[in-house]
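Here is the structure we will look at.
No value in this document is a laboratory result; all are computed from the given coordinates. No experiment lies behind these values; they were computed from the predicted model shown. In this analysis, Cβ positions are derived from the backbone assuming ideal geometry, glycine residues included, and neighbour counts consider all displayed protein chains.
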Amino acid sequence: MKRKLLFSTLLAIAIGFSSCQDRWEENKPVENPPKVLTYDEELAIVNNYTEIDTINNLYSVIITDSIMQAEHLTDPNVERIFRDIAKTNKSIKEDIQAGITTTLTLYNNKGFKSYTVNESSIIKIKDEHISAKALKPQTRAFHGDMSFNAGNWYSSYIEFSGSDHITSNFYVNSCNGYWQVTVTCKTGTSANGKVFSTYGSRNTSGGIKRYWWTTAGGQAPFAWEFQGNGPIGGEANGAIEFSDTY
């Protein structure tokens, strides 16, 4: 009799537990699958942690394990991005050693920054970032542009007759990695030098204005001549526009 009673009690407990288990399964919270990012999305996230090291003249970034987990980053993509940064920093070092006027740009969730090495001792370069919303139609004489597509020059040469003081508007509409735009002022009369390299990793979200001056005392109309050098990389698409400053 005791055995039958014990068996009945255990059976009741088992049935009760099974009923509770079924109800828990029905109300079990649905777990979302891990977020999977594209390479471009991970590059944008890493870019937000990137800084311009003005002491060593390079791009610097630290990604910890906690950042990897919090931002859903993956080892293969982060390693690829770090290789791209190392390659870019090597190219920057070579340009600086060659005496080229070299500008590092950075556009991320902290805003726009630029830093120039080997700039003229006469005139300090100041890049002005104009947001896409603030860009206005050209009000001065427009002389055309040099453009690039998929990381290569599409139109790499321009010559025009303009003011002795001109402005360039440089922009990258899209890219998927670090790019380098190198331009030679073949006229040889820019106060800032003859060869200019500009680096970056994302679109410029607008334009970067830069001002150029002649040093040989030329008077308007003045003959200007620019040449784009080498591949750009990063599958970058964009252009450099030229117009009179005044």
3J(HN,Hα) from dihedral phi, region 171-177, Karplus parametrisation 6.51/-1.76/1.60, rounded to Hz, x for glycine, proline: 8, 10, 7, 7, 6, 10, x
Separation in nanometres of the label points that stand 7 Å from Cα toward Cβ, at SER60 and ASN149: 4.0
Among the listed pairs LYS110/LYS186; LYS35/LYS209; LYS35/LYS90; LYS124/LYS186, those beyond 31 Å (Cα-Cα): LYS110/LYS186; LYS35/LYS209; LYS35/LYS90
